[in-house]
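Worksheet: one structure, shown below.
No lab work stands behind these numbers, since they all come straight from the coordinates. A quick note: this is a predicted structure, and the numbers were derived from the prediction, not measured. Every residue, glycine as well, gets a Cβ built from its backbone with ideal geometry; the counts of neighbours run over all protein chains shown.
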């Protein structure tokens, strides 16, 4: 599984970034890289697992300057967190462990963090280590050379030498720091000059490579360790031919040939872990140029130095223009983003304006409609006022008619009263006639007078009845007119 992850993230920036963000399911949660490194520097873990973790870490750093910077930053003083375990702490712990395999794995892993990255090589020079209580801290570079000079196991020394060669290559400042320690050059020349057994020949070859790097990338800033003086030292103590021969021990070694075949480590046993694939590329690149540099005269060195300075100036110019172009690209990208933002805002504003125009038009339509309705309401109000005035006149007429009707009712009742009185007189007259009809002796004067009086009463009665009928018809007519007027008033 680890090897599969390694192949997936190798050289793929997106996958490498994602891998860096993954936390392992531990308590407390830790980055997956840290958990893997804990397994790599743990001598109790299986050899196959440790090899797989190393390859996974190498694939994470392959062409990944961002990842390299994150690893190196965990070693720098300003970013060290004492409350948590970091990748840098694990690498330092493995680098100076008593287990030679941990030394080798940590050295190779740290070398990959510096691969083709001169900036990080310079930053790593700032790393200080506390060796023991009461003693001042020493640099990581110095501590590596101190352990190297103590005569530890071959695997440990090979790992440290590969780290130092990677660190110093193409970094003049690191070379100056290395040469500043007066014990380093005598140690290297002593190792190269001795005639040691076959097992030590690999160490001799790597020491020759490190010394050659110290010459080739030397900026002559230290008077006692200028290129010419170092070459004279080689000629005097080792011999040029002997130096070139020892340098060739590396590429002729069987384990070197195996490591050069493929990036993934394939070692049958821990004892065979000597070379890293990326380091074999560095040896192939530097072996020839170092051999030529050893035989060059001082005049040729001067010419080469001038050419180097010219190339450096050219590189600086190119770097400057690259930086300018990068900044311009960044500004262009920011401007593009700003244009996109402004375009989006413009579209939103246009949409808002369109909506507002539509709302304004709606308000205008509503306003015009209200004006029309207001005109109709005014006309209706005027007509209503006229109707109200008309109704007022009609109400007055109705009141008058009611008063007249009331008068006619009173007259009617009065006539009815008179009629009742007349009826009572007639009844009394009839009864008196019945009493007088049985006596023939009634006088003619009384009889004729009674008949005349009776006829008069009959006439008055008829007149009263006709008046009552006329008044009743008039009352009925007035009542009908009153009902019509009331209906008209209720409708309006």
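The range 38-72 to the range 123-162: how many Å between their Cα centroids?
20 Å
For the range 321-362, take every pair of Cα atoms, bin their distances at 10 Å starting from 0, and report each bin as a whole percent.
Binned Cα distances yield the sequence 27, 26, 20, 15, 9, 3.
Order by neighbour count: 279, 267, 19, fewest other Cβ atoms within 10 Å first, most last.
Ascending Cβ contact count within 10 Å gives the list 267, 19, 279.
Among 139, 269, 257, which comes first, second and so on when ranked by fewest other beta-carbon atoms within 10 Å?
Ascending Cβ contact count within 10 Å gives the list 269, 257, 139.
Using 1/(1 + (r/R0)^6) with R0 = 45 angstrom and r between the beta carbons of residue 359 and residue 317, what's the FRET efficiency to the nearest 0.05?
Efficiency for this residue pair is about 0.15.
Students often check this: by mean Cβ neighbours within 10 Å, which of 468-474, 320-326 ranks highest, and how do the rest follow?
In decreasing order of mean packing, 468-474, 320-326 become 468-474, 320-326.
Taking neighbour counts of Cβ atoms within 10 Å as a proxy for exposure, in what order, fewest first, do 274, 463 appear?
Ascending Cβ contact count within 10 Å gives the list 463, 274.
Quantify how much of the Cα-Cα distance distribution of the range 2-296 extends past 24 Å, in percent.
Roughly 50 percent, once rounded to a whole number.
What is the Cα coordinate range of the range 256-332 on the first, second and third principal axes, sorted by size from largest, in whole angstrom?
Result, largest extent first: 51, 47, 16 Å.
So how far, in whole Å, is the C-alpha centre of the range 204-271 from the one of the range 348-364?
Result: 79 Å between the Cα centres.
If packing is taken as the average number of other Cβ atoms within 10 Å across a peptide's residues, how do 280-286, 415-421 rank, most packed first?
280-286, 415-421
Where does each of 26-33, 49-56 land if you order them by average Cβ count within 10 Å, highest first?
The densest-packed peptide leads the list: 49-56, 26-33.
Roughly what percent of Cα-Cα pairs across the range 87-136 reach past 13 Å?
Within the range 87-136, distances greater than 13 Å cover 64 percent of Cα pairs.
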